[in-house]
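These notes are about the structure you will find just below.
Quick note: the coordinates plus some simple rules give every number you see, no bench work behind them. A quick note: this is a predicted structure, and the numbers were derived from the prediction, not measured. Cβ coordinates were reconstructed from backbone atoms using ideal geometry, including for glycine residues, and neighbour counts include every protein chain displayed.
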């Protein structure tokens, strides 16, 4: 994927149940996950947080949206928020969704937008307990 901003880099995205800002101004992440495994569907997650860690420089608007596995339905979308990355610095942006419902198993797509343009996306596998994760061709090791 071509990222439209040369002066902005997304170092990593972490999915978790919640994020707190401590008195020391550090972030505490609760329930870090790379997949959602549940005994039955549909399931509603009380809280679902997406942490994006940025490097670069500038002032930006960001949004996060979650698409169903068919990429046709948006199941959650954040309001646009602004963040600034100081020169040679970094910024963390946390988006928290409340009562996000996953109806079917599959790879949900978490998209990060910058200034209303798609910047990055990451799969979030949702599966039933005992189910094997779906591996796409791009994830297979040769």
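Brief remarks on what is shown
- Beta-bridge orientation, the chain: approximately 95 percent antiparallel, per DSSP, counting only bridges with both partners inside.
- Using C-alpha pairs below 8 Å separated by at least 6 residues, the relative contact order for the chain is 27 percent.
- Cβ-based exposure ranking for 75, 46, in which fewest neighbours within 10 Å come first: 46, 75
- In this rough spin-label picture, where each label sits 7 Å from Cα along the Cβ direction, the residue 121-residue 9 distance is 2.4 nm.
- Label-to-label distance, residue 98 versus residue 30, with points set 7 angstrom from Cα along the beta-carbon direction: 1.5 nm.
- From least to most packed, judged by other beta carbons within 10 angstrom and beginning with the fewest, 88, 11 follow the order 88, 11.
- Each of residue 40 and residue 77 was given a label point 7 Å from its Cα along the Cα-to-Cβ line. The distance between the two points is 3.2 nm.
- Remark: the residue 88-residue 23 segment gains 20.9 nm on full extension, using 0.36 nm per residue and subtracting the alpha carbon distance.
- Against the set (i) 16.0; (ii) 8.1; (iii) 9.9, the structure's computed mean projected area of the Cα convex hull in nm² falls on (iii).
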